[in-house]
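First up is the structure itself, then whatever we jot down about it.
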Amino acid sequence: MTAGEAARPRVPAVTVAVACFALGIIAGAFTDQWNASRAIPVATESPAPSATPVASASPTPAASASPVAGVASAAPDATAAAAVTPPLDLTAHSVDDPGSVWVVVNKVRPLDPQDYAPDDLQAVADVPGGATMRADAAAAMTALHAEAVDAGAGFTITTGYRDHDLQASLYDGYVADRGREAADMFSARPGYSEHQTGLAADIQADGCRLEACFADTAAGRFVAAHAWEHGFIVRYPDDERDVTGYIYEPWHLRFVGVELATWMHRAGETTLERVFGLDPAPDYR
Ligand SMILES: [Zn+2]
């Protein structure tokens with residue numbers, strides 16, 4: 001923890017800094033803001049090859065085979081979302097199975113089992129920093145990074161997969177040092193970290209590591225605009241803490257597959273909770 005943080009524990013900006021610092025060590029927290037990122041016209045600065053997302057990294061089924069999204073009715077803006085073309089079958093993958101590319105993990109939805117570990121972890125190739133992720137996510141991260149580098153927006157990976165025991169030791173250390181309430185602000189409890197799925201990664205660039213300033217770096221702007229093309233979403237958008245449980249984390253990318261990421265991009269949806277009609281997860285129960 002930083003020395004100044006104790007004096008301003010409730011200030012969002014400080015919370016971000018705290019979360020960042022903690023993540024640097026723990027790598028389990030999340031948070032953020034999405035305004036800056038969302039303000040960036042996705043299409044304009046896109047050197048993207050085409051509107052068609054990269055399909056190679058996607059383990060998701062063909063959109064054409066999917067009927068209208070039946071589950072979308074649970075979402076607040078189901079009408080708008082349902083209008084997205086192509087439609088998406090939101091029941092195509094489980095949101096409960098920890099091995100599903102669409103698994104939703106948050107403060108009210110722990111991994112089941114809580115000591116789940118992926119069986120297809122692999123090193124993320126050709127991306128500085130070093131990390132492991134599930135195979136499809138790792139391949140997609142390598143592709144995203146290559147494109148970012150070409151655009152002058154390279155980044156390094158701070159952390160990818162973290163197992164249950166590491167998360168437990170880090171979280172327990174924070175609780176012992178600062179108390180549970182404070183620890184919960186910046187560190188996920190073991191069994192509740194998206195990093196444990198092997199589908200999430202924290203990235204950094206330009207000296208901004210696990211802080212809101214990442215959104216204003218070239219890399220931050222690039223992933224905000226293009227991560228979806230490779231199947232990633234910025235999992236903790238700005239102003240969605242009441243839904244996701246975490247403040248703005250422009251550096252935390254979650255792989256959901258190209259099909260869903262593209263659909264969310266087109267639908268203007270930013271949280272998995274709303275997409276799948278799940279309960280908000282502002283805090284642990
Ligand atoms: Zn993270």
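The values are calculated or read from the model by the stated rules, or taken from the named source; none is laboratory data. Not measured: the values here are computed from a predicted model. As a convention, Cβ positions derive from the backbone with ideal geometry for all residues, glycine included, and neighbour counts pool all protein chains shown.
Being in contact with a Leu (Cβ under 9 Å, 6 or more places away or on another chain) and not basic (Lys, Arg) is true for just one of 140, 153, 135. Which residue is that? Outline the logic, then answer.
Details: 140 fails: in contact with a Leu (Cβ under 9 Å, 6 or more places away or on another chain); 153 fails: in contact with a Leu (Cβ under 9 Å, 6 or more places away or on another chain).
None of the others qualify; the one that does is 135.
For every residue, the table says whether it meets (1) more than 15 Å from the ligand (Cβ to nearest atom); (2) of a type in the set (D, E, K, R); (3) in contact with a Phe, Trp or Tyr (Cβ under 8 Å, 6 or more places away or on another chain).
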| site | (1), (2), (3) |
| --- | --- |
| 169 | yes, no, no |
| 172 | yes, yes, no |
| 180 | yes, yes, no |
| 196 | no, no, yes |
| 229 | yes, yes, no |
| 243 | yes, no, no |
| 256 | no, no, yes |
Handout entry: Matching option when the condition is more than 26 Å from residue 109 (Cα to Cα), in contact with a helix residue (DSSP H, G or I) (Cβ under 8 Å, 6 or more places away or on another chain) and away from the ligand (no atom under 15 Å from the Cβ), among 209, 221
Key = 221
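Can you say whether residue 184 is more than 14 Å from the ligand (Cβ to nearest atom), of a type in the set (Asp, Glu) and touching a residue at least 60 places away in the same chain (Cβ under 8 Å), as far as the supplied structure shows? First the steps, then the outcome.
Working: more than 14 Å from the ligand (Cβ to nearest atom): yes; of a type in the set (Asp, Glu): yes; touching a residue at least 60 places away in the same chain (Cβ under 8 Å): yes.
Yes, satisfied.
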Exercise for the section: Of the conditions (1) surrounded by fewer than 24 Cβ atoms within 10 Å (Cβ to Cβ); (2) within 16 Å of the ligand (Cβ to nearest atom); (3) modelled with pLDDT of 95 or more, residue 139 clears all except one; give me its number. Expected result: (2)
Fill in the blank from the handout: In the stretch 81-139, residues that are touching a helix residue (DSSP H, G or I) at 6+ places or on another chain (Cβ under 9 Å), charged (D, E, K, R) and part of a loop (DSSP other than H, G, I, E, B) total 5
